[in-house]
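The values are calculated or read from the model by the stated rules, or taken from the named source; none is laboratory data. Remember, predicted model here, so these are calculated numbers, not experimental data. Positions of Cβ are backbone-derived with ideal geometry, glycine not excepted, and every protein chain shown enters the neighbour counts. When the accessible area is computed, the model is the full protein with side chains, heavy atoms only, and any ligands, DNA or RNA have been set aside. Shrake-Rupley method; radii C 1.70, N 1.55, O 1.52, S 1.80 Å.
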Amino acid sequence: QRDMTVTVTGPGTIKPNDSYKATTLVKGEVLTAPFEEGQIVHKDDVLFTIDASDVENAIKQARTGVEQAQLTVQSAQLNYDSLLRTRSDNDRDRQVKANATGVINKVYVDPGDNVAAGTVVADILDRDNMKLQVPFHSVEAASFYVGQSATVTVGGTAETLYGTITEIAATDSVGLGGTLVRNVTIVVQNPGALSNTSTGTATVGTAASASSASFEYNASKQLVAKYTGELQTLNIKEGDRVTDGQVVGEFKDKDMQDQIDAAAISLQNAKLSLKNAQDILQRTEDSLDDYTITSPIDGKVIEKNYKAGDNVDPSTASTSGASTYMAVIYDMSRLTFDINVDELDVVKLKVGQKVRFTADALENQQFTGVLEKININGTTVNGSTTYPVTVAVDGDGETLADSGLYPGMNVSASIIVEEAGSVLSVPVDAVARDNTVLVAGPGALDESGSIVDPTKLEKREVTIGRNDSNYVEILSGLEAGETVYIQNTASNAMAMMMGG
């Protein structure tokens, strides 16, 4: 009977809770290094600043490049928009539209002619309506209003027509006899005989015009081309009646798509160049952060390999003999180590199990810890898989280091799976692969307990239970006080092992 503690054992290496090896991606002179070995630094504390004058100049150049690229995009955008507007204007101006309602009095061009913008295409007269602009005494005209009815008397025929006031002059003028008059425009329908040689007078209410005047056509306009090119169609002739806005012809289209496509490509290239310039600026600005090295953890400075005034060049450090690390920081708030556990044993482990370990460099000292993490990302070699588990060492890391337990020391650990108490057990080597043991039968031993007749050794089957590295629990098949034997395969002799 013996107390049995079931453990899983393995070697490990002490390491700090966290560590940081400060390196640099840039070269240059170290401007500041405001710390010393053994000093405690905190997260985000500045460890080193490196001369960044070159990258600062590069940032200025990159910003100029972005501004130039932006101007190029603006210019390309303006050119593209201008071409689109020109095409839109051309599509609108290619159509020849009547600019008044009336009759075509004269046509000046023919289809197929090359016409410049501003060329008169035709004359339009509104013969259906005539207007008469006559003076009224200003005192009477002051009471008139646009839209008011008026009566017109045609000179020579005394024909009476009815019309409407369409315009009243804003200022007075001097009429016959020195009286003040104001011109009033009245529009009447043409009964057919009126022309611009006809004359007439008018009355508004009881007020009569101060004198007569000649009739004018209500509309007399020239239709002018707004496009330069070949006149493809013209659907009017003299005497035709047209309405304001009516399409009467069209110029041949000038294909601008090639110009627009080229402008679109130029615009896209300008935008890509701008994006590239912005990326260069962003990368250059980001690289400025590389010239200030900060600590990502709280901890103690273990190594400081560069000081202010030193030149650092990571590309040559490994060949020049310079240190590849500018500084090393350990978080010594606690210590840990990892053990690789066989797949047959890892199933026995649970987070929180106690751990006992010793350090190779510290004789007669035992330390404790707790199983903190079981990593299920195993490693398989030659058909056997192991899993790393992490042990957190009991106690403060700084205190443990003061007592001699340093990061990097090799340790041998036992993870306590179960403390079984007092159980019947035999040495592990006493149990064969078929779960049998050799027990002394009658006549096998002499009075002193030495083997006198090996043929009297009895092969007995046993039921095994838990085990540690040296002993295995016997659940059935043996009694306390019986003698079992372990065969020495090297000498083929029998070595007696006393149970109990």
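Taking the numbered list (1) within 30 Å of residue 41 (Cβ to Cβ); (2) modelled with pLDDT under 95; (3) open to solvent by less than 70 Å² (accessible area, probe 1.4 Å); (4) touching a strand residue (DSSP E or B) at 6+ places or on another chain (Cβ under 8 Å) in turn, residue 325 passes all entries but (3). Whether a residue is out of contact with any Cys (no Cβ under 9 Å at 6 or more places or on another chain) and part of a strand (DSSP E or B) was assessed, and residue 388 passes this test. Over 34 Å from the mean Cα position of the chain (by Cα), of a type outside the set (Lys, Arg), at pLDDT below 95 and more than 29 Å from residue 383 (Cα to Cα): is that true of residue 286 in this structure? In short, no. Scanning the range 101-146 for residues that are farther than 28 Å from residue 176 by Cβ and either aromatic (Phe, Trp, Tyr) or assigned to a loop (DSSP other than H, G, I, E, B) (or both) yields a total of 14.
Residue-level check: of (1) open to solvent by less than 60 Å² (accessible area, probe 1.4 Å); (2) part of a strand (DSSP E or B), residue 334 misses just (1). Scanning the range 345-364 for residues that are more than 47 Å from the chain's Cα centre (by Cα) and either open to solvent by 70 Å² or more (accessible area, probe 1.4 Å) or over 22 Å from residue 417 (Cα atoms) (or both) yields a total of 7. Of the residues 224, 146, the single one that is closer than 30 Å to residue 89 by Cβ and either open to solvent by 70 Å² or more (accessible area, probe 1.4 Å) or in contact (Cβ under 8 Å) with a residue 24 or more places away in the chain (or both) is 224.
Check 174, 204 and return the single one that is free of Cβ contacts under 8 Å to residues at least 12 places away in the same chain and more than 24 Å from residue 125 (Cα to Cα). Every option except 174 fails the conditions.
To keep it simple, each residue is scored yes or no on (1) within 30 Å of residue 209 (Cβ to Cβ); (2) charged (D, E, K, R).
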residue: 77; (1), (2): no, no
residue: 89; (1), (2): no, yes
residue: 106; (1), (2): no, yes
residue: 128; (1), (2): yes, yes
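Residue by residue through the range 186-217, note down the ones that are closer than 14 Å to residue 134 by Cβ and of a type outside the set (S, T, N, Q). Selection gives 186, 187, 188, 200, 202, 204, 207, 208, 210, 213, 215, 216.
Taking the range 405-484 as the region of interest, the strands (runs of 3 or more DSSP E) fully inside it that hold 1 or more residues being open to solvent by 30 Å² or more (accessible area, probe 1.4 Å) and among the polar types (S, T, N, Q) are 410-423, 463-467, 471-476. Cβ-Cβ distances below 6 Å connect the following pairs, each with a first residue in the range 1-20 that is at pLDDT 90 or above, a second residue that is of a type in the set (Gly, Ala, Ser) and surrounded by fewer than 21 Cβ atoms within 10 Å (Cβ to Cβ), and a separation of six or more residues or different chains: 9/414; 11/412; 17/333.
For the range 440-458, does any single residue satisfy the condition of being touching a helix residue (DSSP H, G or I) at 6+ places or on another chain (Cβ under 6 Å) and on the phi > 0 side of the Ramachandran plot? Yes. For the range 12-58, a residue qualifies if it is under 30 Å from residue 335 (Cα atoms), open to solvent by less than 70 Å² (accessible area, probe 1.4 Å) and part of a strand (DSSP E or B), and the qualifying residues are 12, 13, 16, 17, 18, 19, 20, 22, 41, 46, 47, 48. Scanning the range 156-165 for residues that are within 23 Å of residue 101 (Cβ to Cβ) and either in a helix (DSSP H, G or I) or of a type in the set (Gly, Ala, Ser) (or both) turns up at least one hit.
The residue of the range 394-448 that is nearest to residue 17 (Cα to Cα), among those that are among the hydroxyl-bearing types (Ser, Thr, Tyr) and touching a residue at least 60 places away in the same chain (Cβ under 8 Å), is 406.
Taken as a whole, the structure leaves residue 269 outside the set of residues that are in contact with an Asp or Glu (Cβ under 7 Å, 6 or more places away or on another chain) and open to solvent by 50 Å² or more (accessible area, probe 1.4 Å). Within the range 154-165, being of a type in the set (Val, Ile, Thr) and either open to solvent by less than 50 Å² (accessible area, probe 1.4 Å) or modelled with pLDDT under 95 (or both) holds for 154, 157, 160, 165. Scanning the range 240-260 for residues that are loosely packed, with under 14 Cβ neighbours inside 10 Å and modelled with pLDDT of 90 or more yields 243, 245, 247.
Residues considered: 93, 123, 128, 110. Of these, the only one that is crowded, with 16+ Cβ neighbours inside 10 Å, of a type in the set (D, E, K, R) and over 60 Å from the mean Cα position of the chain (by Cα) is 123. Within the range 272-303, take every residue that is part of a helix (DSSP H, G or I), polar (S, T, N, Q) and open to solvent by 60 Å² or more (accessible area, probe 1.4 Å) and give me the one that is nearest to residue 44 (Cα to Cα). Looking at the filtered set, the residue picked out is 282. Return the residues of the range 337-369 that are in a loop (DSSP other than H, G, I, E, B) and closer than 30 Å to residue 385 by Cα; say none if nothing qualifies. Hits for the range 337-369 are 347, 348, 349, 350, 351, 352, 353, 360, 361. Residues in the range 225-248 that are outside any loop (DSSP other than H, G, I, E, B) and of a type in the set (D, E, K, R): 230, 241. Each residue in the range 131-143 was checked for being aliphatic (A, V, I, L, M) and open to solvent by 40 Å² or more (accessible area, probe 1.4 Å), and 2 of them qualify.
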